[in-house]
Amino acid sequence: METEVCKETSPLSSSQTSLGSAGSNHNHDETSSMPSSKSYEEECISRIFQVLKLCDSCESKIIARRLMINGIQNCGDVLEQQTETDKKKLLDILKIYVKQYWDKKISEEWFHKFLQQQALEKSTIYDQIVTRTATYGSSYMKDDTLLSLTIQFLCEFDEETMKKGDVFNQIWNTLINEGRQGIQCYKNEILGELLKEQLENEQSPLYLALRGYFHQPLENLFKDKEVNIVKDDILEIALDCVANHGWWLGLHHDKVTKSINSTEPGKFETLIEKLKEYLTRQGLPIPIPNQSSSGQSSVPSLNTSALTDAKSLSITSPIPIPNQSSSGQSTVPSSNTADLTDAKSLSITSPIPIPNQSSSGQSTVPSSNTADLTDAKSLSITSPTTKTITTGKSDTFRPGHL
């Protein structure tokens, strides 16, 4: 790649400053090496210019910002002629930038306290995540930096796990679909006491990160002109429930339905319709219970257009026991609750077939699973229920994605 090269670059100021800001009480020694006469972004760009021997031009700034956003690993064309020593210098510059970015661009005080705790108690993991961010940029941040970093710190993924992406993506998708309760599916990834804290403490990093993730889209749903639920207390109740149980179960929680129906009659149904539209746009599953002839809810059908690449299906209990029809195909009876009184639940891991619609429009369960369901009262699928949504890389500078 050809770049504009200068014999000299603007010298950096020799004045020094610490990272501490009005909204934060934390400092990290490495980050104090950035001079204060310019913004930390400008200083990072200037130092990149020095290492790459670039002039202060628009083209050079684009190159520097690409490194800052996408990381060294995703800018191979920029570094193909650089020595290993220069690459190491660039990595160190970007690590300082990442720490300063977290300090100055993230306003949530709870996250700064969490970050400080991680730096002090788990310095190796902390440095690993800083290095990963400087190396791969926004690749692992998806659409929410705080939630992504919280998951990485809690689960302590190594580089091989992150590169494969399967576990990280599964945990991410499960948390979006099921809220923080979904983290119970990954007990092997988080130590027992830490897991208990995340599930029970209303000030836990995971709970606060999920509240932050859901807040804006949930508020947008409430403010939609066709919904127009303006009471803040209802929004807070809904936000708590969604952070705990995910989009679908959260908004269908008794606390939410009672609050809306008692003060905003007729608006809950409209809210759910808008939620379906939002979930469809996001590629998230929509469980829709079907009514049998007796009026009893049977196996939920799902918006299969959102499950094109899904590996598993989540079905909530209770469900009726499948019977064998004369054709050998399993069908769901309209009423069989009397036989389920003492039945135990059954856990089946994915993948399983998505329920099919019979000619009558009723969901049927594939016959291959009937032998395992003889005494089952409920069917529990514990693995994630959505396809992986990959956030594409961008060469456009977006301050909110590091």
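The values are calculated or read from the model by the stated rules, or taken from the named source; none is laboratory data. Note that this is a predicted model, so its numbers are computed, not measured. Note that we place each Cβ from the backbone using ideal geometry, even for glycine, and neighbour counts take in every protein chain shown.
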*Filter result (part of a helix (DSSP H, G or I), under 17 Å from THR131 (Cα atoms) and among the hydrophobic types (A, V, I, L, M, F, W, C)) within the stretch 62-78*: LEU67, MET68, ILE69
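Yes or no, residue by residue, for (1) in contact with a Gly (Cβ under 8 Å, 6 or more places away or on another chain); (2) charged (D, E, K, R); (3) over 30 Å from PHE157 (Cα atoms):
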residue	(1), (2), (3)
ASN177	yes, no, no
ILE190	no, no, no
LEU194	no, no, no
GLU197	no, yes, no
PHE222	no, no, yes
TRP248	no, no, no
GLY266	no, no, yes
LEU279	no, no, no
GLN282	no, no, no
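Taking the condition assigned to a loop (DSSP other than H, G, I, E, B), over 23 Å from PHE114 (Cβ atoms) and either modelled with pLDDT of 95 or more or of a type in the set (Lys, Arg) (or both), does LYS225 pass? Even if it seems obvious, please write down each step before you answer.
Numbers: assigned to a loop (DSSP other than H, G, I, E, B): yes; over 23 Å from PHE114 (Cβ atoms): yes; either modelled with pLDDT of 95 or more or of a type in the set (Lys, Arg) (or both): yes.
Yes.
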*Just checking, how many residues over the stretch 230-258 are over 19 Å from GLY179 (Cα atoms) and either within 26 Å of the chain's Cα centre (by Cα) or modelled with pLDDT of 95 or more (or both)?*
3
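The rows are residues; the columns are (1) more than 20 Å from LYS113 (Cβ to Cβ); (2) among the aromatic types (Phe, Trp, Tyr); (3) crowded, with 16+ Cβ neighbours inside 10 Å.
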{"residue": "ARG180", "(1), (2), (3)": "no, no, yes"}
{"residue": "GLN184", "(1), (2), (3)": "yes, no, no"}
{"residue": "LYS187", "(1), (2), (3)": "yes, no, no"}
{"residue": "ILE190", "(1), (2), (3)": "no, no, yes"}
{"residue": "GLU197", "(1), (2), (3)": "no, no, yes"}
{"residue": "GLN203", "(1), (2), (3)": "no, no, no"}
{"residue": "LEU206", "(1), (2), (3)": "no, no, yes"}
{"residue": "ALA209", "(1), (2), (3)": "no, no, yes"}
{"residue": "GLY212", "(1), (2), (3)": "no, no, yes"}
*Can PHE157 be described as at pLDDT 95 or above, among the aromatic types (Phe, Trp, Tyr), crowded, with 20+ Cβ neighbours inside 10 Å and on the phi < 0 side of the Ramachandran plot?*
no
*Within the stretch 52-61, tally of residues that are in a helix (DSSP H, G or I), of a type in the set (A, V, I, L, M, F, W, C) and crowded, with 19+ Cβ neighbours inside 10 Å*: 1
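Return the residues of the stretch 129-179 that are among the hydrophobic types (A, V, I, L, M, F, W, C), farther than 23 Å from TRP247 by Cβ and assigned to a loop (DSSP other than H, G, I, E, B); say none if nothing qualifies.
Taking the stretch 129-179 as the starting set, the residues that turn out to be among the hydrophobic types (A, V, I, L, M, F, W, C) are 129-130, 134, 141, 146-147, 149, 151, 153-155, 157, 162, 167-168, 171-172, 175-176.
If we keep only those that are farther than 23 Å from TRP247 by Cβ as well, we get 129-130, 134, 153, 157, 162.
Residue satisfying the conditions is PHE157 alone.
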*asked:* Among the residues in the stretch 127-145, are any over 22 Å from ARG65 (Cα atoms), within 14 Å of the chain's Cα centre (by Cα) and surrounded by 19 or more Cβ atoms within 10 Å (Cβ to Cβ)?
replied: no
